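Student: Pasting in a structure now, in structure tokens, and then I'll have a few things to ask.
The values are calculated or read from the model by the stated rules, or taken from the named source; none is laboratory data. None of these values were measured; they are calculated from a predicted model. Positions of Cβ are generated from backbone atoms using ideal geometry, with glycine treated the same way; all protein chains shown enter the neighbour counts.
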Amino acid sequence: MSTVELYWRARNAGRLGLKGTEHIAFDWAAVIERKDRLVASWSEGKERGLEKLGISVIRGEAKFTGPQEIAVDGKKLSGNKFVIATGSKPSRPGIPGAERGITSDELIHLKQQPKQLVVIGGGFIGLEFGFALARAGSKVTILQAGSEIAPALDDDIRKSLLEIAKAAGIEIVTDAKVKRIGDDKSVEAEVAGRSQRFAADQVLLATGRPSNAPALEPQKADIELDRSAVKVNEHLQSVSNGNVYAAGDAAGQHQHTPVAWYEGVLAAENAVKGNHRKVDFTVFPTAVFTIPAIGQVGLTEKQARATGAAVKAGRMPFSSNPAAGVREEAEGLVKIIYDEKSDRLLGVHVIGAEAEDIIQIASTAILGGVTRSTLASAHYVFPTLGGAIFDAMSAG
Ligand SMILES: Cc1cc2nc3c(=O)[nH]c(=O)nc-3n(C[C@H](O)[C@H](O)[C@H](O)COP(=O)(O)OP(=O)(O)OC[C@H]3O[C@@H](n4cnc5c(N)ncnc54)[C@H](O)[C@@H]3O)c2cc1C
């Protein structure tokens, strides 16, 4: 996403007084090839790290054959404790012609940039790829089954995202009931009772990622699943087989890389040393890599009001932030939600340039129990995008 963002910002840098920006081109094949090289080098690095620790890696597909035994491509292995970390895979919705669509796994390997992309699914993955392709020059339409895209977002952030998407030329259609993907890859959907056809040369299926745990034949080891994920307690231990733990997408709590790292260590420690650590997501920052990105930590305004707290919200648009103005990146806002009685921050949400980094200021403050008024009177570096967090603390 960062390469696309750089490209898009560079193309628009004429406003900054730079010349020749219209000649900057996006080389899809080169970008994909570089991404493959980076991923391969990180994987090799991780594998070397395992070897250094004396951990042996057996390659193959594992399946349980009993409560204490697995088989990897027919070779049996037994153990006292197991940690399931088998991740997730993209779902393929049961609509006629779904085989003509591609998932995100396939899109990131395409040799050619789609000219016209229809995305089925307005969740985070659909939005991220929708924005990336639109910023890279493709025509993008996102079809969302429900009445709102990304329902987990704070309402003000979603509103801002929709405005930014519109300005980026992304067509977002909600309450769209997809009927079929045709031979020509056009997508037929019923919208507000009328049948509509959306032309495409690629259709991205972004309708969720179920856990891979069912393929492990977990029933042979008495491992209960909750939908597709391993049903675990707060120690990440299977509720039905105490010798089994699960982490990351297989445990199904939050589908994020740092969660997989955190849970993997926690599950392994609990498996080896006994259940001495519980999962804790009290302060849990996340980002959505739309362009610009979204960063969030804590509760949305709706969630905060549901707790019965004396909720107040403050909003600071990036159009009031000098650093954003200098960079011509004034889209978006910072929104803070706090308890008026205790002055405690309940949630902070950012949409705008570098939101994925800026949110970590708020996350660290919440972790340290820093109150809103302390942040409002704190010194900060000027002019910076992160300064918007501090300014938002005084916005009523
Ligand atoms: C398009 C996309 C973008 C994303 N962007 C972000 C992001 O920006 N930030 C972020 O934090 N998260 C992001 N995520 C989510 C993140 O990638 C996952 O949450 C994370 O990789 C989960 O880690 P994991 O270890 O649980 O599973 P994985 O990383 O999927 O690893 C599971 C491994 O288990 C192997 N496996 C599966 N079944 C078996 C079996 N039966 N036997 C043996 N091996 C098996 C798989 O081959 C795989 O190697 C993104 C995900 C997608 C799809």
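Student: Of the residues Ala260, Ala229, Ala271, which single one is modelled with pLDDT of 95 or more, in contact with a Phe, Trp or Tyr (Cβ under 9 Å, 6 or more places away or on another chain) and among the small types (Gly, Ala, Ser)?
Tutor: Ala271
Student: For the stretch 229-240, name all the residues that are in a loop (DSSP other than H, G, I, E, B), touching a residue at least 24 places away in the same chain (Cβ under 8 Å) and in contact with a strand residue (DSSP E or B) (Cβ under 8 Å, 6 or more places away or on another chain).
Tutor: His235, Leu236
Student: Can you tell me which residue is surrounded by the fewest Cβ atoms within 10 Å (Cβ to Cβ) among those in the stretch 152-162 that are over 17 Å from the mean Cα position of the chain (by Cα) and touching a residue at least 60 places away in the same chain (Cβ under 8 Å)?
Tutor: Step one: filter the stretch 152-162 for residues over 17 Å from the mean Cα position of the chain (by Cα), giving 155-156, 159-160, 162.
With touching a residue at least 60 places away in the same chain (Cβ under 8 Å) added as a condition, the list becomes 155-156, 160.
Details: Asp155: 13, Asp156: 17, Ser160: 24.
Ranking the qualifying residues of the stretch 152-162, first place goes to Asp155.
Student: From the list Ala323, Ala309, pick out the single residue that is surrounded by 15 or more Cβ atoms within 10 Å (Cβ to Cβ), outside any helix (DSSP H, G or I) and over 26 Å from the mean Cα position of the chain (by Cα). Break it down stepwise before answering.
Tutor: Numbers: Ala323 fails: outside any helix (DSSP H, G or I).
After applying the criteria, what remains is Ala309.
Student: Okay, next question. Pick out, from the stretch 1-108, the helices (runs of 4 or more DSSP H) lying fully within it that include 2 or more residues that are away from the ligand (no atom under 13 Å from the Cβ).
Tutor: Working: elements: 2-11, 28-52, 104-107.
The helices (runs of 4 or more DSSP H) meeting that bar are 2-11, 28-52.
Student: Report every pair of residues separated by at least 6 positions or lying on different chains whose Cβ atoms are under 7 Å apart, first residue within the stretch 185-199 and closer than 21 Å to Ile102 by Cβ, second of a type in the set (Ser, Thr, Tyr) and surrounded by fewer than 14 Cβ atoms within 10 Å (Cβ to Cβ).
Tutor: As it stands, the answer is Glu188/Ser195, since those pairs meet every condition given.
Student: Yes or no: Ile149 over 20 Å from the mean Cα position of the chain (by Cα), β-branched (Val, Ile, Thr) and in a loop (DSSP other than H, G, I, E, B)?
Tutor: no
Student: Cβ-Cβ below 7 Å, separation at least six or inter-chain, first residue in the stretch 206-221 and of a type in the set (Lys, Arg), second near the ligand (Cβ under 10 Å from one of its atoms) and assigned to a helix (DSSP H, G or I): which pairs?
Tutor: Arg209/Asp249
Student: Quickly run through the stretch 241-287 and pick out the residues that are surrounded by fewer than 18 Cβ atoms within 10 Å (Cβ to Cβ), more than 7 Å from the ligand (Cβ to nearest atom) and in a helix (DSSP H, G or I).
Tutor: Those that are surrounded by fewer than 18 Cβ atoms within 10 Å (Cβ to Cβ), more than 7 Å from the ligand (Cβ to nearest atom) and in a helix (DSSP H, G or I): Trp261, Val265, Ala268, Glu269, Val272, Lys273.
Student: Go through Ala355, Ala323, Ala293, Ala313 for me and flag whichever is more than 23 Å from Leu6 (Cβ to Cβ) and touching a residue at least 12 places away in the same chain (Cβ under 8 Å).
Tutor: Working: Ala355 fails: more than 23 Å from Leu6 (Cβ to Cβ); Ala323 fails: more than 23 Å from Leu6 (Cβ to Cβ); Ala293 fails: more than 23 Å from Leu6 (Cβ to Cβ).
The unique qualifying residue is Ala313.
Student: Filter the stretch 201-220 for residues that are farther than 18 Å from Thr103 by Cβ and surrounded by fewer than 16 Cβ atoms within 10 Å (Cβ to Cβ); which is farthest from the ligand (Cβ to nearest atom)?
Tutor: The initial filter retains those residues of the stretch 201-220 that are farther than 18 Å from Thr103 by Cβ, namely 213, 216-220.
Going one step further and asking which of them are surrounded by fewer than 16 Cβ atoms within 10 Å (Cβ to Cβ), we end up with 217, 219-220.
Details: Glu217: 9, Gln219: 14, Lys220: 13 Å.
It comes out as Gln219.
Student: Just to be sure, is Val381 surrounded by 23 or more Cβ atoms within 10 Å (Cβ to Cβ), in the same structural domain as Glu301 (by TED's automatic domain parsing) and either among the β-branched types (Val, Ile, Thr) or without any contact (Cβ under 8 Å) to a residue 12 or more places away in the chain (or both)?
Tutor: no
Student: Can we say Ile223 is at pLDDT 95 or above, part of a loop (DSSP other than H, G, I, E, B) and β-branched (Val, Ile, Thr)? Quick ask: steps written out before the conclusion?
Tutor: Details: at pLDDT 95 or above: yes; part of a loop (DSSP other than H, G, I, E, B): yes; β-branched (Val, Ile, Thr): yes.
So Ile223 fits the description; yes.
Student: Out of Ala62, Ala134, report the one residue that is touching an Asp or Glu at 6+ places or on another chain (Cβ under 9 Å) and either without any contact (Cβ under 8 Å) to a residue 24 or more places away in the chain or surrounded by 11 or more Cβ atoms within 10 Å (Cβ to Cβ) (or both).
Tutor: Details: Ala134 fails: touching an Asp or Glu at 6+ places or on another chain (Cβ under 9 Å).
Result of the check over Ala62, Ala134: Ala62.
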